[in-house]
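**Student:** The structure's right below; bear with me while I get my questions together.
The values are calculated or read from the model by the stated rules, or taken from the named source; none is laboratory data. These numbers come from a predicted model, not from an experiment. Reconstructed Cβ throughout: ideal geometry from the backbone, glycine too, with neighbour counts over all protein chains shown. For accessibility, only protein heavy atoms count, side chains too; no ligands or nucleic acids. Shrake-Rupley method; radii C 1.70, N 1.55, O 1.52, S 1.80 Å.
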Amino acid sequence: MAGSAKPEAIDNGEDPTEPTHPDLPAVLFVSHAGEAAGAELCLLDVATASSASSIVLLLSDGPFRPLLEKAGVRVEVLAAANAFHRVRRETALPSLSALVSIPPIVRKLAARARDFDLVYANSQKAFLVASVAARLARRPLIWHLHDILSLEHFSRTNIRLDVALANHLADKVITVSEAAKTAFVEAGGRPTKVKVVHNGIDAAPFLNVDKAKASQEVRSRLRIGPEPLLGCFSRLAPWKGQHVVIEALAELQDVHAMFVGGELFSGACHEETLRELSQTLGVAERVHFVGQQNNIPRLMQGVDIVVHPSTAPEPFARVLIEGLLAARPLVAAANGGTPEIIDDGANGLLFLPKDSADLARAIRYLLETPEAASAMASRARTGAIANFGREAYVTGISDEICNAANVSIRYS
Ligand code: UDP
């Protein structure tokens, strides 16, 4: 063990909420994002568990840092140049300024990595620089692949580069779903490198919520009456498919939809496009945007149906597990890792991706057969607690960290 990264406990006025695992190796977790989307919230749980010996290094400052610090995780920010952050994963070739920005980050990361037993890249962008840095520092490397390596999400060049780096430099690739593993392997990734660990969520905040009160709060906030209310809990981005819900509203009389989530990575103004679509379809008064929120368990239990309408393969959305835990009827587009979470007709309903008529059909069914919907929702919660718990998730990742760190002898 490198053993030189034992942070002082951070005095944030609270006891750390989760027990740490002091026997875990010292890990340099690397995240390119300062925002707190799904991959970062997954990292929060893992980094909290190993906070006694590890740190999170962010390549960009943002709201994710205080979340980590509040959980007792030591954070360092190594701000990468804007040109690095401006590279889009769907772009074929990065700009010259982006290419020039990479070597200094790699050098600094490599220098920092020497103080740790293992490097853990939590995003594709972090992996690009951390993979080379780990090799320079002679440290084992894990890539936690939270994405589906398909052309809907990445350029061909990016996929080839990711796979080549993974095959040559990663000791382990953890994928969030079988679907993400399949995409990696179909792109040329070595299957023997891969371990699938499904995301897991802490059930506690979803239990003992007074649903009637939560519903009343949401309705008075949106200034609506007892009409049916759909909830969509994702960052606003074209592939998250909010537009499909708006199209479905045109076929569903009196049904409202609340969109929870901000424009986290795009910097674009997708909300404006969605508002224009709502106007065009004549449903604007039934469409409600509330922006990024941090009380998802309560908001979810304030809606009648949770909808997850992604139009491109969804790796393994946390929000789906949260929907199951909230014990609300759930409808999701059947793509990517979603069928590994939703068993159609048992704990939720699947619909054809991009097909607003099929989504409207599923919503109508749930509204017209409330007993069936409610039975599905209560089965959903029981199953999610059993299959997608946070403890099993953290243990699964920690095991991979320990296994990979054990090979560090090769590097010394
Ligand atoms: N989320 C949140 N506030 C919002 C919208 C979403 O905290 O306003 C959370 C949501 O509860 C989930 C995460 O963001 O835990 C999104 O993760 P997911 O894997 O579903 O999607 P991603 O954004 O990573 O593609």
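**Student:** Determine which single condition Gly72 fails, assuming it passes every other condition in (1) surrounded by fewer than 16 Cβ atoms within 10 Å (Cβ to Cβ); (2) part of a loop (DSSP other than H, G, I, E, B).
**Tutor:** The number of the failed condition is (1).
**Student:** Residues in segment 311-330: is at least one more than 13 Å from the ligand (Cβ to nearest atom), modelled with pLDDT of 95 or more and open to solvent by 50 Å² or more (accessible area, probe 1.4 Å)?
**Tutor:** Within segment 311-330, none of the residues are more than 13 Å from the ligand (Cβ to nearest atom), modelled with pLDDT of 95 or more and open to solvent by 50 Å² or more (accessible area, probe 1.4 Å).
**Student:** Going through segment 163-186 one residue at a time, which ones are over 21 Å from the mean Cα position of the chain (by Cα), open to solvent by less than 40 Å² (accessible area, probe 1.4 Å) and over 17 Å from Ser123 (Cβ atoms)?
**Tutor:** Passing the criteria: Asn167, Asp171.
**Student:** Moving on to the next point. Among the listed residues Arg160, Arg135, which satisfies the condition of being open to solvent by 50 Å² or more (accessible area, probe 1.4 Å) and closer than 23 Å to Lys108 by Cα?
**Tutor:** Details: Arg160 fails: closer than 23 Å to Lys108 by Cα.
Result: Arg135 is the single residue among Arg160, Arg135 that is open to solvent by 50 Å² or more (accessible area, probe 1.4 Å) and closer than 23 Å to Lys108 by Cα.
**Student:** Pick from segment 194-214 the residues that are in contact with an Asp or Glu (Cβ under 8 Å, 6 or more places away or on another chain) and assigned to a loop (DSSP other than H, G, I, E, B): which of them is farthest from the ligand (Cβ to nearest atom)?
**Tutor:** Val197
**Student:** Checking Asp115 against (1) under 17 Å from Ala404 (Cα atoms); (2) open to solvent by 10 Å² or more (accessible area, probe 1.4 Å); (3) not in a loop (DSSP other than H, G, I, E, B), only one condition comes out false. Which one?
**Tutor:** Going through (1) under 17 Å from Ala404 (Cα atoms); (2) open to solvent by 10 Å² or more (accessible area, probe 1.4 Å); (3) not in a loop (DSSP other than H, G, I, E, B) one by one, Asp115 breaks only (3).
**Student:** Kindly establish whether Val185 is among the aliphatic types (A, V, I, L, M), more than 16 Å from the ligand (Cβ to nearest atom) and either out of contact with any Asp or Glu (no Cβ under 6 Å at 6 or more places or on another chain) or part of a helix (DSSP H, G or I) (or both). Before you say what the answer is, go through the steps one by one.
**Tutor:** On the way: among the aliphatic types (A, V, I, L, M): yes; more than 16 Å from the ligand (Cβ to nearest atom): yes; either out of contact with any Asp or Glu (no Cβ under 6 Å at 6 or more places or on another chain) or part of a helix (DSSP H, G or I) (or both): yes.
Here the answer is yes, as Val185 does meet what is asked.
**Student:** If the Cβ limit is 6 Å and pairs must be 6+ apart or interchain, which residue in segment 326-349 that is more than 15 Å from Tyr365 (Cβ to Cβ) pairs with which residue that is open to solvent by 30 Å² or more (accessible area, probe 1.4 Å) and assigned to a loop (DSSP other than H, G, I, E, B)?
**Tutor:** Ala333/Pro353; Asn335/Pro353
**Student:** If you don't mind, there's one more thing I want to ask. Is at least one residue of segment 215-234 within 13 Å of the ligand (Cβ to nearest atom) and open to solvent by 50 Å² or more (accessible area, probe 1.4 Å)?
**Tutor:** No, the conditions are met nowhere in segment 215-234.
**Student:** Check whether at least one residue in segment 275-296 is assigned to a loop (DSSP other than H, G, I, E, B), modelled with pLDDT under 95 and either away from the ligand (no atom under 13 Å from the Cβ) or touching a helix residue (DSSP H, G or I) at 6+ places or on another chain (Cβ under 6 Å) (or both), and report yes or no.
**Tutor:** Scanning segment 275-296 turns up no residue that is assigned to a loop (DSSP other than H, G, I, E, B), modelled with pLDDT under 95 and either away from the ligand (no atom under 13 Å from the Cβ) or touching a helix residue (DSSP H, G or I) at 6+ places or on another chain (Cβ under 6 Å) (or both).
**Student:** Still on this structure, please answer the following. For the list (1) surrounded by fewer than 18 Cβ atoms within 10 Å (Cβ to Cβ); (2) of a type in the set (Asp, Glu); (3) over 24 Å from the mean Cα position of the chain (by Cα), I need the number of the one condition that Asp343 fails.
**Tutor:** (3)
**Student:** Here are some residues: Gly188, Gly262, Gly267. Which one is at pLDDT below 95 and on the phi > 0 side of the Ramachandran plot?
**Tutor:** Gly267
**Student:** Among residues belonging to segment 264-274 that are away from the ligand (no atom under 11 Å from the Cβ) and open to solvent by 30 Å² or more (accessible area, probe 1.4 Å), point out the one that is nearest to the chain's Cα centre (by Cα).
**Tutor:** The residue in question is Ser266.
**Student:** Further question on the same structure: Could you give every pair whose Cβ atoms fall below 9 Å, whose first residue belongs to segment 290-308 and is small (Gly, Ala, Ser), and whose second residue is near the ligand (Cβ under 8 Å from one of its atoms), counting only separations of at least 6 or pairs across chains?
**Tutor:** Between residues of segment 290-308 that are small (Gly, Ala, Ser) and residues that are near the ligand (Cβ under 8 Å from one of its atoms), the close pairs are Gly291/Val260; Gly291/Gly261; Gly291/Gly262.
**Student:** If you go through segment 232-257 one residue at a time, how many are of a type in the set (Asp, Glu) and over 14 Å from Val307 (Cα atoms)?
**Tutor:** First pass over segment 232-257, keeping only residues of a type in the set (Asp, Glu): 247, 251, 254.
Remaining after also requiring over 14 Å from Val307 (Cα atoms): 251, 254.
Number of matching residues: 2.
**Student:** Here is a list: Ala334, Ala257. Which entry is closer than 19 Å to Trp239 by Cβ, away from the ligand (no atom under 11 Å from the Cβ) and open to solvent by less than 10 Å² (accessible area, probe 1.4 Å)?
**Tutor:** Ala257
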